[in-house]
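The values are calculated or read from the model by the stated rules, or taken from the named source; none is laboratory data. Every value quoted in this text rests on a predicted model; they were computed, and no experiment measured them. Note that each Cβ is placed from the backbone with ideal geometry, even for glycine, and that neighbours are counted across all protein chains shown.
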Amino acid sequence: MRALIQRVSQASVQVEGERIGAIDQGLLALIGVERDDTPDRAEKLLHKMLNYRIFSDDQGRMNLGLSTVEGGLLLVSQFTLVADTRKGLRPGFSNGATPEDGKRLFDHLVECARKAHDTVETGRFGADMQVSLINDGPVTFMLES
């Protein structure tokens, strides 16, 4: 399972013109689910997202995690994160989870996130979404479990 996390001052997601999720300061996490992912991997990735120290402390150093700063978490499924781009000019998706498994694991991640963190918003699995963000820094990291 992969998460492309971006520290944001605000982020939102729309589906068919309707705003379905939004946060202020926090993390936008684009989530890719791979064929061999498990609920345990989702939980490890969530722990990393909530505690990865990418927010500035009083000295301006990245020493604080999302839980510490009490920021929002916007989770958006994005199957293209698991694409194989090593060969040719067209991405391959054979490493991606089936839509059923991907939804099940994404939903598990969301459920665990809502139990562990106060502010959790989401996109809609499998939907054509428009994601807006103001990347703070910019600060962007790829996390894997």
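Suppose we keep only residues that are surrounded by 18 or more Cβ atoms within 10 Å (Cβ to Cβ) and aliphatic (A, V, I, L, M) within region 82-101. Which one would you say is farthest from PRO39 (Cα to Cα)? Here the answer is VAL82.
Under the condition of being of a type outside the set (S, T, N, Q), assigned to a loop (DSSP other than H, G, I, E, B) and surrounded by fewer than 17 Cβ atoms within 10 Å (Cβ to Cβ), the residues counted in region 102-145 number 5.
In this structure, does THR85 turn out to be under 25 Å from GLU100 (Cα atoms) and β-branched (Val, Ile, Thr)? Full working, then the answer.
Details: under 25 Å from GLU100 (Cα atoms): yes; β-branched (Val, Ile, Thr): yes.
For THR85, the condition - under 25 Å from GLU100 (Cα atoms) and β-branched (Val, Ile, Thr) - is met.
Annotation note: Cβ proximity below 6 Å between a residue of region 22-48 that is crowded, with 23+ Cβ neighbours inside 10 Å and a residue that is polar (S, T, N, Q) and modelled with pLDDT of 95 or more (sequence gap 6+ or interchain) occurs for LEU28/GLN6; ILE31/SER77; GLY32/GLN78.
The criterion of being assigned to a loop (DSSP other than H, G, I, E, B) and surrounded by fewer than 18 Cβ atoms within 10 Å (Cβ to Cβ) does not hold for GLN10. Do we find a residue being surrounded by 13 or more Cβ atoms within 10 Å (Cβ to Cβ), out of contact with any Gly (no Cβ under 9 Å at 6 or more places or on another chain), at pLDDT 95 or above and closer than 21 Å to ILE20 by Cα anywhere in region 58-75? Scanning region 58-75, I find no residue that is surrounded by 13 or more Cβ atoms within 10 Å (Cβ to Cβ), out of contact with any Gly (no Cβ under 9 Å at 6 or more places or on another chain), at pLDDT 95 or above and closer than 21 Å to ILE20 by Cα, so the answer is no.
Sort through PRO91, PRO138 and tell me the only one that's over 25 Å from ASP40 (Cα atoms), in contact with a helix residue (DSSP H, G or I) (Cβ under 8 Å, 6 or more places away or on another chain) and not small (Gly, Ala, Ser). I'd like the intermediate steps shown before the answer.
Details: PRO138 fails: in contact with a helix residue (DSSP H, G or I) (Cβ under 8 Å, 6 or more places away or on another chain).
Step by step, each of PRO91, PRO138 is checked, and only PRO91 is over 25 Å from ASP40 (Cα atoms), in contact with a helix residue (DSSP H, G or I) (Cβ under 8 Å, 6 or more places away or on another chain) and not small (Gly, Ala, Ser).
Scanning region 2-23 for residues that are at positive phi and within 12 Å of the chain's Cα centre (by Cα) turns up nothing. Close contacts from region 125-145, counting a first residue that is without any contact (Cβ under 8 Å) to a residue 60 or more places away in the chain and a second that is in a strand (DSSP E or B), with Cβ to Cβ under 9 Å and a gap of 6+ residues or different chains, come to PHE125/SER77; GLY126/SER77. Does GLU121 fit the bill of being among the charged types (D, E, K, R), in contact with a Gly (Cβ under 9 Å, 6 or more places away or on another chain), farther than 17 Å from ALA11 by Cβ and touching a residue at least 40 places away in the same chain (Cβ under 8 Å)? Criteria not met by GLU121.
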